[in-house]
Number of protein chains: 2
Amino acid sequence: MTKKTWRVGVAGLGTVGGGLLQFLAERPDFAPAGDRAVVTAVSARNKTRARPVDISTLAWFDDPVALAASPDVDLFVELIGGSDGPAKAAVETALKAGKPVVTANKALIAVHGAELAALAEAQGVPLLFEAAVMGGTPAVKMLREAMVGDDVVSVAGILNGTCNFILTEMEKTGRSFADVLREAQGLGYAEADPTTDVGGFDAGHKISILAALAFGCAPNFEAAEIEGISDVELLDIKLAKDLGYRIKLVASAAKTDDGVAVKVHPSLTPLYHPLAQAGGALNALFIEGKRIGRIFIQGPGAGAGPTAAAVAADIADVMTRAVRPVFQAPAGALAPFIAIDPARAVGKAYLRIMAKDQPGVIAAISETLAECGVSIDSFLQKPVEGAGGVPIVLVTHATPESNLLDAISRIEKLQTVLERPRLLRVARI
Amino acid sequence: MTKKTWRVGVAGLGTVGGGLLQFLAERPDFAPAGDRAVVTAVSARNKTRARPVDISTLAWFDDPVALAASPDVDLFVELIGGSDGPAKAAVETALKAGKPVVTANKALIAVHGAELAALAEAQGVPLLFEAAVMGGTPAVKMLREAMVGDDVVSVAGILNGTCNFILTEMEKTGRSFADVLREAQGLGYAEADPTTDVGGFDAGHKISILAALAFGCAPNFEAAEIEGISDVELLDIKLAKDLGYRIKLVASAAKTDDGVAVKVHPSLTPLYHPLAQAGGALNALFIEGKRIGRIFIQGPGAGAGPTAAAVAADIADVMTRAVRPVFQAPAGALAPFIAIDPARAVGKAYLRIMAKDQPGVIAAISETLAECGVSIDSFLQKPVEGAGGVPIVLVTHATPESNLLDAISRIEKLQTVLERPRLLRVARI
C-alpha cells in the first residue's frame, strides 16, 4: 500500500467541524489503510470565535470556494450546509479540481446529488456523505455497499432527532408542541429557526438520499411528500396511544412497478414496534430487501461526536481508493425517479372527528365512511375535557388515499361535525 | 472505470452456494462499479446432487484446492466451512495465487484470520467475509469500515439463529431443550450434529471475528469463554421471566485497559431490551463506541437468500479495488490479543438454589452471600411443582466472578441445599 499524507481542507467549523479537527489532530493516522489525514486549511463565517481547537496554525480562507480550489488541499470536507450557495459552489470547485469530497450536507445531496455524482464520476473522484443521514449510524454505507446483492423494496424510519425528541417529550410530559419546542431550543436540540427540522424537510432530504441509494434512481427531493410535526396535537398523541399506537415522524421510501414514493409524515406506529420504541433523539431505520429480508439499524442521528466520526470514516474510505459510483449506479445510468401519485397510495389511517354530543353522530359518520369505501379497523369514542366536542377516533383498514380524502371532505360537511377531521397515516412498517 | 468480467470459482454448493449461483446467473452485472461477475467453475462433495441451478456448463473440480489454483478463476468464493482442511488449503492457494477471496467461513477466520490476513495483505488482494457473521446483516462492514473514526469499546449480541430459535420456542411452548432441538432439526434449523450451534462455538467464532474488527487485535478463538445452551432449563427461563428477564445466548466482546474479554453465555436480558425482543432466528448486535455511542443492528442471521446476498456484496466490494487491511489494522500491526482473566470479570448474576423447604434456609444462604461480598438486587422464592425442592432465585448486584464462584461453592455445601446452585450471567448491555 502506498502511504500518503492527505492535506484536508475543512469548510464550516460548527460543532461537527470542531469535532473533526480535534479528532484528526489527535489521530492523524486513524485510517486502517495506513495513509495520514492532516487538516491544513479551514474556512468558516467567523475567524475569531472561541473554538475547542487552535486553528491559528492552519491556513485560513474567508471563502470556502477558494479553500476548495487551493493547491495545498488534497481532500475537501464540506460542513457548511444548505442546498445551494457557497456549499454547492465549493463542492463543485473541489470536484472539478479532481479532489475527493466528503460532506455532511443532506440538502445539497438530496437536491443536487445527481449532477454532483456525474461531476465526481467524470473526474474519477469519490463524493461521500455518510454523515448526511443518521449521523454516526452508517445507513448510507449499508445501502450503497452492503445491499448491492439484493433488491431493496422499501426503507422507513425515524431520521430527525429533533422531531423525535419533541414527540417523545410531548407524550412523556403532556405538554404542547410549542412548549416542548421552546425547551428544545433552549437545550440546543432545535435551531432558532426550527422549520427545517419540525417542517419535516430535514427528514425529507435524508429519505430522498436513502431512496436514491436503495433504488438506484436519482435523488429527487422535489418529489417527496412532506408533512412536519408542528400540527401534531397532544390530543392525538393520547388518543393514538389508547388505540395502541405512538405518533412518530416516519420517513419512508418504497418502490413498486409504478415508481417510487418518498414520504415524510407524522405516523402511527404500533407501541411495541422498534420504531415506536426509539425514543428521544435516536434515529432508526428499517431496510427491506427481496433476498435479505428486513434489517433494522438504530443509533444517534446527530451530535458532534457521531457526525465527526462518520466524516472521518468517509475520509478513511477515500484512502482505500475504492472506485464505485456515488449512488447505486453510475450517474448516467441512474433510473429516472418516477413519483407515484400520492392519491393512489393505499394504507391504514387514523381519523379524529370532533363531533357534537348528539344521537346519530356515529351513524352518520360510519354511513359516510361506508359510502366512500372506507372500512373501520378500530374505533374509540372518549370524552376529553376541554376538547370542545366529543372526539371520535378510528383507525381504518387499508384504503386508497383518494377514498379517505373524499370521506374527510364529506364528514366535514355533516351537521354534527365541528371541524375538518384530522388525518394521520398508520406507518407501513 | 475499467470494466472487467471476473471469472468466479465457487467451492461448496450448499444452500448458500446454490443461492449465489442463481443470483449471479440472473444478475452478472449487479455490481454498481460496473464489472461483471460470472461463475465459471465449481467444486462440491457431490457432483450429481439435484440443484436449483444447472452446473453442467461450468468447469467441475473434485478438489477445491485445484479450483482455487485454476488459471481460469479470478476470484475464489469459499463456502465449504470448517476451520481447517480443504477450506483453509483452498483459501491459502487462492491468496498465494494473488486472487481475491470471499468466504462465509466463520471458523476459518476466527481461528486462522491473522495468518490469512497477513497472506492476503502480502499479496495485495482482499479477503472478505461479510457472510461469516449475521448473514445478510452487515456487521463486518460496519465494524471494519464505518467505525474507524471511533474507538469501539464493546460489542454484544445474538449471533446464532439456531440457539435463538430454540430458546424462543422453549419459552413460548414450555417445552424442554431436547424437545425443541429435535423439532429444529426436523425443520432444518439445526444440524444433525448440533454441537457447533448449541455448544456456543458458532457464536464464539463470530464474536471472535467481531472482536478483532472492533479492537484491532488478532482474532483469537482459543481465548473465548464459551458456554452453550444445552444446559438451559425451562425452570430458569420461567424464573428469570418472573424477575423481568429473558434468557438469550449473548456473545460479547469488551475492551478495557487490561485487555479483551470475549464471551458466549446464556444470559439474562431485561424483557424490554431490544436483545430480549429479538426472537426466533433473528440476529442482533449492539456496538458501543466512545464517540458514536450505541448503534444497534438487527436482521436475519442465516438463510440462503441473506447469506448469498452478503457474498455478492463482498464480490462487488472486490470490484471497487479498495485497498484496506483485512481487520482494523494491517496484519503486522494487529495488537496482541490479551485475554482478561474471567475470574476478574465483574457483573450481575442470576443464582438458582434448590433448597429443602425448611426454616433457616434463606438466612443461611444470605449469610453466605454476605460473607463472600455478594449483595442481592432482587430475590424470588416460589414453589414449583415437581422441581424436587424449593427454588430460591436471586439476582445479585455487580460482583467479581471470583466472589460468585466462592459463594456458589460454599452454598453448595450448606445442609439445606440440594445441588450446586445454577449460575447465569446478567448480560451487560
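No lab work stands behind these numbers, since they all come straight from the coordinates. Note that this is a predicted model, so its numbers are computed, not measured. Virtual Cβ from ideal backbone geometry, glycine too; neighbours counted across all protein chains shown.
Need a quick list: strands (runs of 3 or more DSSP E) entirely within the range B:233-319 having at least 3 residues that are buried (at least 19 other Cβ atoms within 10 Å of the Cβ) and among the basic types (Lys, Arg).
Of the strands (runs of 3 or more DSSP E) lying wholly inside the range B:233-319, those with at least 3 residues that are buried (at least 19 other Cβ atoms within 10 Å of the Cβ) and among the basic types (Lys, Arg) span B:245-256.
Taking into account only those residues within the range B:320-329 that are out of contact with any strand residue (DSSP E or B) (no Cβ under 9 Å at 6 or more places or on another chain) and either more than 7 Å from chain A (Cβ to nearest Cβ) or charged (D, E, K, R) (or both), which is surrounded by the most Cβ atoms within 10 Å (Cβ to Cβ)?
B:Arg324
Can you say whether A:Lys99 is within 14 Å of chain B (Cβ to nearest Cβ) and under 30 Å from B:Gln123 (Cα atoms), as far as the supplied structure shows?
no
Could you list all residues from the range A:29-50 that are farther than 16 Å from A:Ile80 by Cβ and of a type outside the set (Gly, Ala, Ser)?
Residues satisfying the conditions are A:Asp29, A:Phe30, A:Pro32, A:Asp35, A:Arg36, A:Val38, A:Thr40, A:Thr48.
Criterion first (touching a helix residue (DSSP H, G or I) at 6+ places or on another chain (Cβ under 9 Å), buried (at least 18 other Cβ atoms within 10 Å of the Cβ) and part of a loop (DSSP other than H, G, I, E, B)) does B:Ile429 satisfy it?
yes
Could you check, for the range A:330-352, whether at least one of its residues is within 14 Å of chain B (Cβ to nearest Cβ) and either in contact with a Ser or Thr (Cβ under 8 Å, 6 or more places away or on another chain) or not aliphatic (A, V, I, L, M) (or both)?
Yes, some residue in the range A:330-352 is within 14 Å of chain B (Cβ to nearest Cβ) and either in contact with a Ser or Thr (Cβ under 8 Å, 6 or more places away or on another chain) or not aliphatic (A, V, I, L, M) (or both).
Listed residues A:Ala281, A:Ala223, A:Ala304; which is within 14 Å of chain B (Cβ to nearest Cβ), touching a strand residue (DSSP E or B) at 6+ places or on another chain (Cβ under 8 Å) and of a type in the set (A, V, I, L, M)?
After applying the criteria, what remains is A:Ala281.
Go through the range A:113-135 residue by residue and tally those that are buried (at least 23 other Cβ atoms within 10 Å of the Cβ), part of a helix (DSSP H, G or I) and facing another protein chain (nearest Cβ under 9 Å).
Residues flagged as buried (at least 23 other Cβ atoms within 10 Å of the Cβ), part of a helix (DSSP H, G or I) and facing another protein chain (nearest Cβ under 9 Å) within the range A:113-135 amount to 1.
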